[in-house]
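Participant: Here's a structure for you.
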């Protein structure tokens, strides 16, 4: 039987088209593979760039975090802050953080990021290199704390003096304050921090405003408050008011 020219033509055309398709697909596959390889190279470059962005001190800090217990960071920050005479609120304000963040870092509930730690150390007059150096020496805890050893937590211009009894202990769970309120003075802001506080008025009178409720305490009266609730201390008299207070955990 003679060959069918139409069938042969179609078959040959299909074969040619198939060959062309194979060539095109091979070309596409090669291009895709090339693109993927380029993407992998690009990713490698990005990873390398990120690594290069860390300074030697920051890399040392990361290595130190891997090798050392996290509690060292919180303990050191606490020691630096108290040596500077700063409250947690003041350190938080100067470093652009919240009081809760500083408290959590010092108590090792969270580990600070590199930039956060750098900001804190800058306020405390230190840096990453010094902070993680072998020259760091932990202060020795004192048994007796004299008046000159008390840490003033208030600003120099404040008419309220909050002096903390600090003996350099790194394991303290209790804070103790000696407070003096000049006539017609107050803490000026609603304070809120985690924990519980108990205090006694040893001279004068004090108003304690908790949320929207105000309490008047006379000499000899004591108070116990949940300090997470915003509170303000006000001396409404023309005389000096003195208070001693204890709080836990140590959020000052």
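Participant: Within the stretch 148-191, can you find the residues that are over 19 Å from residue 81 (Cβ atoms) and within 26 Å of the chain's Cα centre (by Cα)?
Facilitator: Once the filter is applied, which keeps residues that are over 19 Å from residue 81 (Cβ atoms) and within 26 Å of the chain's Cα centre (by Cα), the stretch 148-191 yields 187, 188, 189, 190.
Participant: Moving on. Which condition from (1) within 12 Å of the chain's Cα centre (by Cα); (2) within 15 Å of residue 152 (Cα to Cα); (3) in a loop (DSSP other than H, G, I, E, B) is the one that residue 97 breaks?
Facilitator: (2)
Participant: Separate question: What are the residues in the stretch 119-165 that are in contact (Cβ under 8 Å) with a residue 40 or more places away in the chain and in a helix (DSSP H, G or I), if any?
Facilitator: 120, 121, 128, 129, 131 - these are the residues of the stretch 119-165 that are in contact (Cβ under 8 Å) with a residue 40 or more places away in the chain and in a helix (DSSP H, G or I).
Participant: Still on this model: Spot the failing condition for residue 100; the list is (1) at pLDDT below 90; (2) exposed (fewer than 15 other Cβ atoms within 10 Å of the Cβ), and only one is missed.
Facilitator: With (1) at pLDDT below 90; (2) exposed (fewer than 15 other Cβ atoms within 10 Å of the Cβ) applied to residue 100, the lone miss is (2).
Participant: Taking the stated definitions as given, is residue 152 surrounded by fewer than 16 Cβ atoms within 10 Å (Cβ to Cβ) and within 30 Å of residue 226 (Cα to Cα)?
Facilitator: Numbers: surrounded by fewer than 16 Cβ atoms within 10 Å (Cβ to Cβ): yes; within 30 Å of residue 226 (Cα to Cα): yes.
Answer is yes for this residue.
Participant: Between 223, 215, which is outside the structural domain of residue 84 (by TED's automatic domain parsing) and free of Cβ contacts under 8 Å to residues at least 12 places away in the same chain?
Facilitator: Working: 223 fails: free of Cβ contacts under 8 Å to residues at least 12 places away in the same chain.
Matching residue, one of 223, 215: 215.
The values are calculated or read from the model by the stated rules, or taken from the named source; none is laboratory data. The structure displayed is predicted, hence computed values, not measured ones. Glycine gets a Cβ as well: all are built from the backbone with ideal geometry, and neighbour counts include every protein chain shown.
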